[in-house]
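As C-alpha cells, the structure follows; a few thoughts come after it.
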Amino acid sequence: MAFAIKVEGLGKRYLLTHKPRARYSSLRDSIMESARSLGRAAKRRFSDSSTPALSRSEEFWALKDIDLQIEKGDRLAIIGRNGAGKSTLLKLLSRVVEPSCGRATVRGRLASLLEVGTGFHPELTGRENVYLNGAILGMGRDEIDRKFDEIVAFADVERFLDTPVKRYSSGMYTRLAFSVAAHLETDILIVDEVLAVGDAAFQRKCLGKMDDIGQQGRTLLFVSHNMAAVETLCDRAVLLSGGKIVDAGETGRIIEAYSRTWRQGVELRDRRDRSGTGHAKIESISIENVSGERSANIGSMQVLEFVVEVSADADAVGKKADLILVVCDSRNNRLCSLYTEWAQSDFRITSEQHIFRCRIPTGLPLVADTYSLTAAVLIGGVNADKLERALEFEVVPSQGFAAGLVLNPAFGQVLVEHAWEQQRA
Amino acid sequence: MSTTDLSQREFVIEAGGSPRQYAREVWRYRDLLFILSWRDIKVRYKQTTIGAAWALLRPLATLIILTVVFSKIARLPSEGSAPYALLVLSGLLPWQFFAAGLSDAANSVIENEKIVSKIYFPRLVIPLSALAVCMVDFAISLLILAGILVFYRFVPDWHLLALPVVLVFAVLAALGPGLMLAALNVKYRDFRYVVPFLIQVGIYASPVAYSTSLVPEGWRAFYYLNPMAGLIDAFRWTLLGGEFTPWWTGVGLSLGVLLTLLIVGIVYFRATERSFADSI
C-alpha cells in the first residue's frame, strides 16, 4: 500500500533564552547581544585562556529523530503527556513551523485543524466567517459555495447566519467552526485536541463525522487526551515522550503503555509550579486500591484511598492543617472536592512529616477517562502549598456496575449505579 | 476535475526547504489573499451607520484639511499655471497611499498572529492583502481627484497615459520596505513604533506640499535618494502635464533606490518567513 506520510529523522530544535521576559526580543537586546559576543571574541583573542563563551541560550529539542510511516487510509493517534512533542509534530507536518533536521514526504492534499475557528472574526457574520475560515483552511470559493448548506445544517445555526459571531453563544461558535473544518475535502486530515470544546451532543456528532472520514479511506492524524475518543477513532497509535517515539502499534496496547508512563516522570516534590506561603509542602500523592496496593489506575466505583505526604516547617507546628483534593476531568473541569473541613477532620501539624489518607468508600463514580487531582494544603486557614494537576490518573471500567462497557464521556462524566424495570402499563 | 491531480501531488518538508515555485504557490492562495482583504474592508465599516460612505468621506476630509493648511496658511508657491491645490493633491495622493500601505503592511503579519501560528500558507499573502486594501482606498481617492479636476476645469494632457505605470511603481514602493518591516516586526516589535515616526518625517522629506524645483541644486542628488521624491514627481508630471517638468536624473535615481529596496525586502521576507511561527 502506498504511504501518505513518510517521516525520516525529523527533529525540531528551539533555543531557550533564559530570561523571564516576553517571547519576542527587542532590537536593543539583539544589538547588545552581538556587541557582547564581539567583546567576548576580542577578549578571547587577547587572552590565552580559552574559556568558552557563556551563552545565555540553551538548545532544546522539542522533537528528535522521528521516523514514522503512515499508510494511506490509516487512522493514527499520537498520544503522550503535555510537552511530549505531539503538537510540534503536527505543526511540522502541517508546515506551520520548519523542521531543524530530517524530512517528511507528504502525498496528497493535507489540511490541519490545530485549533477550532482559526481566523474567525468576531465582527463578521456567521455566513461571512464560513467563507473566511474556509479560505484560511485552504478551500476554494467554489468548494465552499458547494458545501455551504451542508456546513450550516451540520452546525445547526441557520437562524443566526447573518448575526455577527461575537453575539453567538460559545457552543454555536464552536459548532460552526468545527463544521467548516469537517467539510474539508482532503486526503489527509490532521486534528489536534479539538474535541476538548463544545457540548457532549456535538462532540458525539464530531466523532461520528471524523469516523466517516476514516471510513472514506482518508488518512487521519489525531491528537487527544481523551483516550475514549482515541480508542473509537484510531486503529494505530504512536506514543511520544520527551520528543521521541517510545512506542508504536495497535491503539489498545499503546494506551495501556501510556497510562503506565504516569508512574514515571517528574517527582512531585521536585515540581516548582507551586503557589502558597511555603510553610508546608506536598511531597507526594499516591493512590491505593482495595487491597492496599499502589496503582495508577482507579476502577470506577471501587474503594480507594488517596495518600498525601506533607512536610512542614517550624512555623507550621501547632497550627491547624487542612487538605483539599480537587478531582478534575481531562478538560480541567472541576468535578468534586475532597476537603478535610467537610469531613470534619481536625488535624494539627505536630512534626516535620505527616501522611494524610483520604478514603472514598464508594469509589469515584466516574466513567473511564483521564482525570487529575489539584491539591492544596492550608496551614491555619492560609494556603501554604497548591499544585495544579498534582496527580494524573486513569479511571478504568469497574468490575461491578456496567462491567465490560467502555463508556464514552460524551454520555456524561458521572456514572450512577442504577436499575431499570419494565412493567406492562 | 483536479482531485486526482491533487492527490498525486507530493511535497517534501525539510529544513531550509521552501516551495521551489514560490510565485505559483502564492497564486494558488489567491483566494485567501482576496478574502483577507475583503475581511479588512468589511470589518472596518461594521457597526457604523453610514457604512461604506466613510470610504469616501475619510480621504476627502484629509485632502481638504491638508490642502487648506499648505495652500492658504503656508502659502507655498505652485508650478506654472496649475492651481496650488492641485499641486498639493498630486503629492498628497501617492504619499497617503505609500504611508498607509507601508504601515499596514508592516503591522499585517503580527496582526494576523493567530493564523500564522496555526495554518500554513505563503506568508507573502498577508502583506499583499494589506496593500490591496490600501489600493482600494487609493482608487477612491483617485475618484475624488477626478472630481476636483472637474471643479478646477483643469484638463490633463497625454502625460496621463503614463498613470498606470506610475501606479504600479507606487505599489512597489510601499511593498519593498513594507515587507522588510513586516518581517522585522515579527521578531523586533520596536519597529511598530519606528514606522509612524518614519511616516511623520517622510511627509516633509518628500515633495508633498512643495515642488522639487525648490530643492537647492547642490542637494538634489541626495534628496532623490528618497524613493518617494521621484515617485511623487512622476505622478505630478502625469497629472499636471506641461505645467511641471521634473529632474529626470533624480527620478531615475529614486526608481533605482525603490527597486533595490524592493529586492532587499522580498529577499529578507523570504529568508525569515519560515520561522515566523516560531518567533511571533
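Largest first and in whole Å, the equivalent-ellipsoid semi-axes of region A:268-405 read 28, 15, 13, each the square root of five times a Cα gyration tensor eigenvalue.
Solvent exposure of B:Lys187, expressed as accessible area, is near 100 Å², computed with a probe of 1.4 Å over the protein chains only. Residue by residue along A:107-113, Cβ atoms of other protein chains within 10 Å of the local Cβ number 4 on average. Evaluated with a Cβ-only charge set (Lys, Arg +1; Asp, Glu -1), the protein assembly as shown carries a dipole of roughly 1660 debye about its Cα centre, given to the nearest 20.
Our compactness index for the protein assembly as shown, the C-alpha radius of gyration over the empirical 2.2 N^0.38 Å, is 1.21. The modelled label-to-label distance for the pair B:Leu142/A:Glu8, using points 7 Å beyond Cα in the direction of Cβ, is 5.1 nm.
Out of the DSSP beta bridges found with both residues in the protein assembly as shown, what percent are antiparallel (nearest 5)?
For the protein assembly as shown, the DSSP antiparallel bridge percentage is about 80.
What quantity of accessible surface, computed with a 1.4 Å probe and excluding non-protein components, is buried in total between chains A and B, in Å² to the nearest 100? Between A and B, the summed buried area is about 4100 Å². Geometric descriptor of chain B, per residue, is 170 Å³ (volume of the convex hull of the Cα atoms).
Give the residue from A:Gly380, B:Leu262, A:Ser169 lying farthest towards the positive end of the charge dipole for the protein assembly as shown; charges sit on Cβ (+1 for Lys and Arg, -1 for Asp and Glu) and the dipole is referred to the Cα centre. The listed residue farthest towards the positive side: B:Leu262.
When the solvent-accessible area of region A:305-410 is split by element, carbon and sulfur atoms take up 54 percent of it, the probe being 1.4 Å. Counting Cβ atoms of other protein chains within 10 Å of each residue's Cβ and taking the mean over peptide B:110-119 gives 5. Label-to-label distance, A:Glu256 versus B:Tyr204, with points set 7 angstrom from Cα along the beta-carbon direction: 7.8 nm. Between the listed residues B:Ala55, B:Leu76, B:Gln21, the Cα displaced farthest toward the positive end of the dipole of region B:1-151, a dipole computed from Cβ unit charges relative to the Cα centre, is found at B:Ala55.
Against the empirical curve 2.2 N^0.38 Å, the C-alpha radius of gyration of region A:309-366 lands at a ratio of 1.34. Computed 3J(HN,Hα) for region B:237-242, one whole-Hz value per residue from the Karplus formula 6.51 cos²θ - 1.76 cosθ + 1.60 where θ = phi - 60°, is 5, 5, 8, 8, x, x, glycine and proline marked x.
Each peptide among A:277-285, B:21-29 gets the average number of other Cβ atoms lying within 10 Å of its residues, and from highest to lowest they stand as A:277-285, B:21-29. For the pair B:Trp219 and A:Asp273, a Förster radius of 60 Å applied to the C-beta separation gives a FRET efficiency near 0.45, rounded to the nearest 0.05. With a 1.4 Å probe rolled over the protein heavy atoms of all chains, the accessible area of B:Leu92, B:Leu255 falls in the order B:Leu255, B:Leu92, largest first. For region B:200-225, backbone nitrogen atoms closer than 15 Å to the point 7 Å from B:Thr249 Cα along Cα-to-C-beta are found at B:216-225. Residues of region A:126-151 that lose at least 40 Å² of accessible area (1.4 Å probe, protein heavy atoms only) when the other protein chains are present, relative to their chain alone, are A:Glu128, A:Leu132, A:Ala135, A:Ile136, A:Arg141. Computed from the C-beta positions of A:Glu309 and A:Glu59 and an R0 of 45 Å, the FRET efficiency is 0.80 to the nearest 0.05. Given a Förster distance of 41 angstrom, what is the FRET efficiency for A:Gln69 paired with A:Arg204, based on the Cβ-Cβ distance and rounded to 0.05? Given R0 = 41 Å and the Cβ-Cβ separation, E is 0.80. Of the beta bridges in region A:60-262, as assigned by DSSP with both residues counted there, near 30 percent are antiparallel. Rolling a 1.4 angstrom probe over region A:65-164 with all protein chains present gives an accessible area of which 42% lies on carbon and sulfur atoms. Oblate is the label for region A:130-280. Its Cα gyration tensor axes, ordered a ≥ b ≥ c, give a/c of at least 1.5 and b/c at or above a/b. When the other protein chains are added to the chain by itself, burial of at least 20 square angstrom of heavy-atom accessible area (probe 1.4 Å, ligands and nucleic acids ignored) affects these residues of region B:247-280: B:Arg274, B:Ala277, B:Asp278, B:Ile280.
On a 1.4 Å probe surface of the protein chains, which of A:Arg424, A:Arg218 comes out largest in accessible area, and what is the full order?
Greatest to least solvent exposure: A:Arg424, A:Arg218.
Length gained on full extension, A:Arg167 to A:Ser345, computed as 0.36 nm times the residue gap minus the Cα-Cα distance: 59.3 nm. Label sites at A:Glu388 and B:Thr48, each approximated as a point 7 angstrom past Cα along Cα to Cβ, lie 4.1 nm apart. Taking all protein chains together, B:Trp248, A:Trp61, B:Trp158 sort by accessible area into B:Trp158, B:Trp248, A:Trp61, largest first [probe 1.4 Å].
Where the accessible area of region B:16-279 is counted over protein heavy atoms with a 1.4 Å probe, how much of it, in %, is carbon and sulfur? Reported share for carbon and sulfur atoms: 69 percent. Between A:Asp74 and A:Leu220, the built amide H atoms are under 5 Å apart, and every one of these is 5 or more places off in sequence or on another chain. Once the 1.4 Å probe is applied to the protein heavy atoms, region B:16-279 comes out at 47 Å² accessible per residue. Helical runs (DSSP H, four residues minimum) scored at -39500 (n - 2.57) apiece and divided by the length of chain B put the mean residue ellipticity at 222 nm at -22000 deg cm²/dmol. Taking every residue in B:42-49 and counting other chain Cβ atoms within 10 Å of its Cβ, the average works out to 3.
The values are calculated or read from the model by the stated rules, or taken from the named source; none is laboratory data. Just so you know, these numbers come straight off a predicted model, no measurement behind them. Every residue, glycine among them, receives a Cβ derived from its backbone with ideal geometry; neighbour counts consider all protein chains shown. Please note that ligands, DNA and RNA were not included when accessible areas were found on the heavy atoms of the full protein model with its side chains. Shrake-Rupley method; radii C 1.70, N 1.55, O 1.52, S 1.80 Å.
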